[in-house]
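Written below as structure tokens is the structure these notes are about.
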Amino acid sequence: MAQHPDLPQHSDGSLVPQGAEASQRIRRQGGRTAHGLSDPAFTLDAPTAPGLPVLVAVPHGGRAYPADLLARMRAPDLCRLRLEDRHVDQLGTAIAEATGASLLRAHAPRAMLDLNRAESDIDWEMIEGPRLARPVAAPGTNHRARSGLGLIPRRLPGHGEIWRTRLPRAELDRRIADVHQPYHRALAEELQRIRDLWGAALLIDLHSMPPLTQRDSPTPAPVMVLGDRFGASCHHALVSRGLSFFESEGVPAAQNRPYSGGYVLDRHGAPESGIHALQIEVCRSLYLDDGFAELTPAAAGVAALLARLVYALGQETAALGQARSMLEAAE
């Protein structure tokens, strides 16, 4: 992988944290994973004066499983492995430390509640108790509930039902109030803070994906996928910069196929207001073992690669913010 001339690195290729801003950070925890517990649903780690107009968010890396949640699962080990973006939060942490970007990490697991789904994306057949009389779908909702992967995942392809019993309506309401709402509120507030400082802000919604296959093609399958909701969630210059970066590094990448992003991008991406949102899917084979369970030594190199990408995208976002500020001043 190529060295980035503008991002300091040690001789072994690891990255040097950026400036004073990297050490002057505020850590704020919010939400809660269960009744009566102090365990937070997420942590926001943000520099007081960010060196880049970037927020890295990791919604599917949470591993804080309450005992009663595991007890309700039919096959907890399998479900955890299949539902988690396993250890991608550690990649996110390394990226933030290297670049000085803000970082929002979910601790509540996806099995408890999927932060990349709308509140209305519910499979009511799995809920015990009254349902909403007329559920209102939020704009951009993916409506994944019928496939078993809605706000509360119900089943896994090739495995079947996840849960032993139906979920009480009161618990559904609690998870929305204690996990979903505070997470998205914190995400929106941090993006607005960055935008107000820089004129523009970029959300990197970081995920992992199983290895892709490339049928009837001599070219290698992508190991990185950039999603921008087909141009709706961020400026085209950011995607172009990202794809050019991967090409220069010799890393196969794709745009929107097969992952274009989901509810997070629909809700928070507002390019016309200077807030851009880009989903990045990282192939698990790059940094996990053959069982996609544990980190390998290659993870450090993948984190360094992504940090250089974030630095490049941050520069592009700063330029967009400057142009936006100049335009507003001229009006």
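The values are calculated or read from the model by the stated rules, or taken from the named source; none is laboratory data. Keep in mind the model is a prediction, meaning the values are calculated, not measured. Heads up, the Cβs are rebuilt from the backbone with ideal geometry, glycines too, and the neighbour counts pull from every protein chain shown.
For residues that are in a loop (DSSP other than H, G, I, E, B) and among the charged types (D, E, K, R), tally how many sit in region 212-261. First the steps, then the outcome.
At the first step, the residues of region 212-261 found to be in a loop (DSSP other than H, G, I, E, B) are 212-223, 228-235, 250-252, 256-261.
Then keep just the ones that are among the charged types (D, E, K, R); that gives 215-216, 228-229, 257.
Total meeting the criteria: 5.
Is it fair to say residue 91 is part of a helix (DSSP H, G or I), on the phi < 0 side of the Ramachandran plot and at pLDDT 95 or above? Even if it seems obvious, please write down each step before you answer.
On the way: part of a helix (DSSP H, G or I): yes; on the phi < 0 side of the Ramachandran plot: yes; at pLDDT 95 or above: yes.
Yes; evaluated as a whole, the condition is true for this residue.
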task: Consider residue 199 carefully, then state whether it is modelled with pLDDT of 95 or more, under 30 Å from residue 326 (Cα atoms), surrounded by 13 or more Cβ atoms within 10 Å (Cβ to Cβ) and more than 20 Å from the chain's Cα centre (by Cα).
output: yes
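Mind listing just one residue for me: the one in region 56-78 that is among the hydrophobic types (A, V, I, L, M, F, W, C) and assigned to a helix (DSSP H, G or I) and, of those, farthest from residue 39 (Cα to Cα)? First the steps, then the outcome.
Initial filter on region 56-78 (among the hydrophobic types (A, V, I, L, M, F, W, C)): 56-58, 64, 67, 69-71, 73, 75, 78.
Of the ones still in play, those that are also assigned to a helix (DSSP H, G or I) are 67, 69-71, 78.
Values: 67: 13, 69: 14, 70: 16, 71: 18, 78: 24 Å.
Among those that are among the hydrophobic types (A, V, I, L, M, F, W, C) and assigned to a helix (DSSP H, G or I), it is 78.
Every residue, every condition in (1) touching a Lys or Arg at 6+ places or on another chain (Cβ under 9 Å); (2) within 28 Å of residue 46 (Cβ to Cβ); (3) of a type outside the set (Val, Ile, Thr); (4) surrounded by fewer than 22 Cβ atoms within 10 Å (Cβ to Cβ), yes or no:
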| site | (1), (2), (3), (4) |
| --- | --- |
| 234 | no, yes, yes, no |
| 282 | no, yes, no, no |
| 293 | yes, no, yes, yes |
| 301 | no, yes, yes, yes |
query: Looking at this structure, is residue 15 buried (at least 18 other Cβ atoms within 10 Å of the Cβ) and at pLDDT below 95?
result: yes
- request: Looking only at region 274-295, decide whether some residue is of a type outside the set (Gly, Ala, Ser), assigned to a loop (DSSP other than H, G, I, E, B) and without any contact (Cβ under 8 Å) to a residue 12 or more places away in the chain.
  value: yes
field: Qualifying residue in region 308-322 (condition: under 25 Å from residue 87 (Cα atoms), among the charged types (D, E, K, R), assigned to a strand (DSSP E or B) and at pLDDT 95 or above)
entry: no
- prompt: Do the conditions hold for residue 259, that is, is it aromatic (Phe, Trp, Tyr) and crowded, with 21+ Cβ neighbours inside 10 Å?
  reply: no
message: Can you say whether residue 307 is among the small types (Gly, Ala, Ser), touching a residue at least 24 places away in the same chain (Cβ under 8 Å) and surrounded by 19 or more Cβ atoms within 10 Å (Cβ to Cβ), as far as the supplied structure shows?
response: yes
message: Pairs needed: first member in region 208-230, within 12 Å of residue 250 (Cα to Cα); second member anywhere, of a type in the set (D, E, K, R) and part of a loop (DSSP other than H, G, I, E, B); C-beta distance under 9 Å; at least 6 residues apart or different chains.
response: 222/257
task: Kindly establish whether residue 132 is modelled with pLDDT under 95 and either closer than 20 Å to residue 190 by Cα or surrounded by fewer than 20 Cβ atoms within 10 Å (Cβ to Cβ) (or both).
output: yes
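Among the residues of region 22-31, is any over 23 Å from residue 289 (Cα atoms), under 19 Å from the mean Cα position of the chain (by Cα) and surrounded by 19 or more Cβ atoms within 10 Å (Cβ to Cβ)? Full working, then the answer.
The first filter runs over region 22-31 and keeps only residues over 23 Å from residue 289 (Cα atoms), leaving 22-31.
The next check asks that each one be under 19 Å from the mean Cα position of the chain (by Cα); those that pass are 27-31.
Still in the running and surrounded by 19 or more Cβ atoms within 10 Å (Cβ to Cβ): 31.
Checking region 22-31: at least one residue is over 23 Å from residue 289 (Cα atoms), under 19 Å from the mean Cα position of the chain (by Cα) and surrounded by 19 or more Cβ atoms within 10 Å (Cβ to Cβ).
I'd like to know if region 82-93 contains one or more residues that are among the polar types (S, T, N, Q), farther than 19 Å from residue 308 by Cα, surrounded by fewer than 23 Cβ atoms within 10 Å (Cβ to Cβ) and touching a helix residue (DSSP H, G or I) at 6+ places or on another chain (Cβ under 9 Å). Before the answer, list the steps.
Of the residues in region 82-93, the ones among the polar types (S, T, N, Q) are 90, 93.
Next, from what is left, pick out any that are farther than 19 Å from residue 308 by Cα: none.
No, that holds for no residue.
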